[in-house]
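Scroll down for the structure; my scribbles are underneath it.
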Amino acid sequence: MLARLLVLLLLAGLVPLLGAPGVARAASGCSGRPAKTVGFSTGELRVYKSRARVCAVTVAKKPGKRRTMSVTLQARGGRAVSDKGKYTKMAGPVTVDALNRCVRATGAIGRKSASTGWILC
């Protein structure tokens, strides 16, 4: 009986309301602990670190209006991963494997931008 109820909830799309894994990180877009935050006039670049991965997002100070936003993340020796488009609140998340490697991140909203330089070395 309980299994049938869970299947019905799953099919109805109600499982996220019951606290499914991954719901808590939806606010930032990244999992892991905050590693670095760089503010600039139109927003913030946020970098998060878990054991072997690093994630980054660019978040607008004043969400609402659709404008060009981007976030780029690169592990030393690897290719850069980026997300660029017209968003209202946040660009990203972008994630790279970075076990024992330095990373650098850049975020931009409109013509304003911020960068971390090489961090987590």
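The values are calculated or read from the model by the stated rules, or taken from the named source; none is laboratory data. All values derive from a computational prediction rather than experimental measurement. Glycine also receives a Cβ, built like all others from the backbone with ideal geometry; neighbour counts cover every protein chain displayed. Protein only, heavy atoms only, side chains kept; ligands, DNA and RNA dropped before computing areas. Shrake-Rupley method; radii C 1.70, N 1.55, O 1.52, S 1.80 Å.
Report the calculated FRET efficiency for residue 119 and residue 66 (r = Cβ-Cβ distance, R0 = 25 Å), to the nearest 0.05. Don't skip to the answer; put the middle values down first.
Working: r = 30 Å, r/R0 = 1.21.
Efficiency computed from Cβ-Cβ geometry: 0.25.
Sorting 67, 104 by accessible area (1.4 Å probe), largest first, what list results?
Largest to smallest exposure gives the sequence 104, 67.
Please report, as a whole percent, how much of the solvent-accessible surface of region 27-121 comes from carbon and sulfur atoms (probe radius 1.4 Å). Let's see the in-between values first.
On the way: 2520 of 5360 Å².
Within region 27-121, the accessible surface is 47 percent carbon and sulfur.
Pop a pseudo-label 7 angstrom from the Cα along the beta-carbon direction at both residue 52 and residue 112 and give the gap in nm to one decimal.
My value for the distance between the label points is 3.8 nm.
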